[in-house]
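Student: Before anything else, here's the structure in question.
Every number here is computed from the coordinates shown, using simple stated rules; none is lab data. Model, not experiment: these values are computed from the prediction. Neighbour counts run over all protein chains shown; Cβ positions are idealised from the backbone, glycine included.
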Amino acid sequence: MYTHLFSRGKIGRLEIRNRVVMPGMLTLLADSYGRVDEALVKYYEERAKGGIGLIIAEYANIDFETGRAAPSQLTMLDVNSALSIQKIARVVHRHGAKFFAQLAHAGQGANPLLLEGKDPIGPSESTTPDGRRVRAMTVEEIQALIDRFVQGAVYAQIGEADGVEIHAAHIYLLSTFLSPHLNRREDAYGGSHENRARVICEIIRGIKEKCGKNFPVSVRINGSDFVEGGTTLEDAVITAKLLEAAGADALNISNSTFGAEKPVIEPVFYGQGWKKHLAKTIKAAVQIPVIAVNTIKTPDFAESLLEEGVSDFVGLARQSLADPYWCKKAMAGEEELIHHCISCLYCADCESKLKAVSCAVNPKTGRESELEPLKIDGQGRQVVVVGGGVAGMEAASVLGQRGFKVTLFEQKDHLGGDTFLAGQPPMKDWTHQLPEVLKRECDKYGVTIHLNHAPTVDEIKSLNPYAVFVATGADPVIPKKIPGIESDHIYTVGQILDQEVTLSGKKIVVIGGGLSGLDVASFLAEDNEVQVVEMQKAIGIGVLPTYIKPELDHLKEKNVILNTSSALQSIQEKSVTIEDLQTGKVFDLEADAVILSLGVRPNDEKIQRIQDSFENVRVIGSAVATTGRIGQAMRDGFDAAYALD
């Protein structure tokens, strides 16, 4: 079925078992000195066991003083680094995959806290988007940089890596040398394409000289910076040819830099393959293999990219976090059981907060060393799960795998809870994939599901459960003190996204500009005039800019009006009264309907009723923690089911 995807491939003389590559991604699982510990070994082992052909480790810095992008980042500085990374290489090889170390210098992407007062460095003096001065490197410093990269490759080879990748993409130091905008040097390392690529070419030649011509070298570059004055696709094609001539064995095509109009890590609004033209154009210009990330989620789409000639290898980045066994499931014909990345940026949010890698749809990611294999000790004992959101479904699936007899009750006519609702707005279709795959897993492990059914305590008692899991979600907050709040034209986010109510040709005001409020505004803007009222000074405070920007762009396209620093005062039949919190002025907005998106709170009475009736009760998901995050709900469900004695 997958003629191309699971055919053997080669990078240089290195043979790889299939065309699937896991690109380097920061995990923050190394220790503070950049050394490998058990957590990192188990993380990579899980992906190797899952069938990936080539694993490229997260970037290892080659300059501890000025080159670190984050704490707990791998290093490739000395023999100790080699012995450290050897732990990963050996476990990856044990499961049949190949392993590359990735070498990088953060440049102006260096973490300010780790620079300890020093300026970040670059090819020319400039200013970072956050206002920091970038110091121009001397020629002597450039020569020392080349030596560090070459020596890093030597240490990687000692550490039994099958090859190395030079990171020259995004905003890291070597990428800024390629940028006409950031490299304004007038010596041998600036100006022409040849000069801007010279530092990377000298690194490649140095590695080949020290490690041997058959030691593979891949280079990761941007197909486009997607920023004015930066590297264009035309520039990237010329660079690719120069790197090939210098001896590169493969190119790994990525995109974007600081301030780019397109993100490095795409949110849900971007479809599979939206940037495939970058890799396809570069592949047509060179003879060496091209690796490319293309927001790939399904094996069918990956196969189509290879068949079309977009790239020679497909990169599964976040998808390998979501489901390390993507390859094995595809090869076994179990594609319907793949956990697809839903592009929620939960992993990126963790990185931005310097937390260890985590994934919303895979509660085990980043915790591989902490979690023992599931105990198969249910012995047919009955467990009841009340609530069919993703927390309840994940708990039911895990309990089923453990051998418990599981009965799940859901009061609505569909599963998924808030995650189902989150998949309703335009461009968020992938969010639907999570409850769908959880349902298939529940079916596989024998979970009995009752829809349109809110069980009574007596019904649950009749099943004589060993344990009861309460995953009943949370109720919307409705501030009773607001005059007019109980009018007939007041609705909740759930009523709209669940399509219990259909509105068309109306003037609608959404109260609350969090993600749920923006989702419902986007959903309604197709057929209505919509305004959003938010008390904060800006929309999306606390949300990753990468995620919020395309959401706001879409709302702007749909002429949705955003009112910030504004508070609801009262609701009338055809209007709402709003106070401007900065000026104190009060004004009215026309409103045929008002949608409340003011958060949720657990139904304590419902929970208490179950807790009073049974001894072994677990409360999970938004029934206990109203974070509204899919990842937290999934982890709650998994952890409670995993730990049940």
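Student: Tell me whether region 293-346 comes out rounded, prolate or oblate; compute the Cα gyration tensor, take square roots of the eigenvalues as a ≥ b ≥ c, and use a/c under 1.5 as the rounded threshold.
Tutor: Here region 293-346 falls in the oblate category.
Student: Quick check: from the Cα gyration tensor, does region 9-353 come out rounded (a/c under 1.5), prolate or oblate?
Tutor: rounded
Student: Dipole of region 9-353 (Lys/Arg Cβ +1, Asp/Glu Cβ -1, origin at the Cα centre): which of 56, 315, 93 lies farthest to the positive side?
Tutor: Of 56, 315, 93, it is 93.
Student: In the chain, what % of DSSP beta bridges are antiparallel (nearest 5)?
Tutor: 20 percent
Student: Would you list which lysines come within 16 Å of residue 283, measuring only between C-alpha atoms, while excluding same-chain residues fewer than 8 positions from it?
Tutor: Residue 283 reaches 10, 241, 275.
Student: DSSP loop (so not H, G, I, E, B), at most 16 other Cβ within 10 Å: list which GluC sites (Glu not before Pro) in region 578-640 pass both filters.
Tutor: Here the GluC sites (Glu not before Pro) that fit, given the DSSP loop and packing criteria, are 615.
Student: Which shape class, rounded, prolate or oblate, goes with region 199-343 when its Cα gyration tensor gives a ≥ b ≥ c as root eigenvalues, a/c under 1.5 marks rounded, and past that a/b bigger than b/c marks prolate?
Tutor: Since a/c reaches 1.5 but b/c is at least a/b, the shape of region 199-343 is classed as oblate.
Student: I need 184, 367 ordered by Cβ neighbour count within 10 Å, fewest first.
Tutor: 184, 367
Student: How long is the gain from residue 192 to residue 625 if the chain were fully straight, where each residue apart is worth 0.36 nm and the alpha carbon distance is subtracted?
Tutor: Here the segment from residue 192 to residue 625 would lengthen by 150.2 nm.
Student: Enter the angle in degrees (range 0 to 90, nearest 10) between the Cα long axis of helix 515-524 and the first principal axis of the Cα atoms of the chain, meaning the one along which they spread out most.
Tutor: 80 degrees
Student: Hey, what angle do you get for helix 433-444 against the long axis of the chain, alpha-carbon based, 0 to 90 degrees rounded to 10?
Tutor: That helix lies at roughly 80 degrees to the long axis.
Student: Show me 124-135, 539-550, 227-238 ranked by packing, highest mean number of other Cβ atoms within 10 Å first.
Tutor: 227-238, 539-550, 124-135
Student: Could you sort 570-577, 199-206 so that the peptide with the highest average Cβ count within 10 Å comes first and the rest follow in order?
Tutor: 199-206, 570-577
Student: Could I ask something else about it? Determine the dipole magnitude for region 1-116: charges of +1 sit on the beta-carbon of Lys and Arg, -1 on that of Asp and Glu, nothing else is charged, the reference point is the Cα centre, and the result goes in debye to the nearest 20.
Tutor: 840 debye
Student: Same structure again: Once all Cα-Cα distances of region 478-598 are split into 5 Å bins that start at 0, what whole-number percent is in each one?
Tutor: Percent of Cα pairs in each bin: 2, 12, 24, 25, 21, 11, 4, 1.
Student: May I pose another question? Show me the ranking of peptides 553-560, 250-257, 527-534, 451-458 by mean Cβ neighbours inside 10 Å, starting with the highest.
Tutor: 250-257, 527-534, 553-560, 451-458
Student: Can you tell me the orientation of helix 139-158 relative to the chain, as the angle in degrees between its alpha-carbon axis and the longest Cα principal axis, to the nearest 10?
Tutor: Helix 139-158 sits roughly 70 degrees off the main axis of the chain.
Student: On to the next question. With each run of n ≥ 4 DSSP H residues scored as -39500 (n - 2.57), what mean residue ellipticity at 222 nm is computed for the chain after dividing by its residue count and rounding to the nearest 500 deg cm²/dmol?
Tutor: -9500 deg cm²/dmol
Student: Continuing with the same structure: Would you list which lysines come within 24 Å of residue 585, measuring only between C-alpha atoms, while excluding same-chain residues fewer than 8 positions from it?
Tutor: Output for residue 585: 480, 481, 507, 537, 574.
Student: With r defined as the distance between the Cβ atoms of residue 205 and residue 79 and R0 fixed at 25 Å, what FRET efficiency is calculated, to the nearest 0.05?
Tutor: Calculated value: 0.60.
Student: While we're here: Computed from the coordinates I sent, volume of the Cα convex hull per residue in Å³ equals one of (1) 161; (2) 190; (3) 234. Tell me the label.
Tutor: Entry (1).
Student: At 0.36 nm per residue, and after removing the present C-alpha to C-alpha distance, how many nm does the segment from residue 118 to residue 130 gain when stretched out fully?
Tutor: In short, 2.8 nm is gained.
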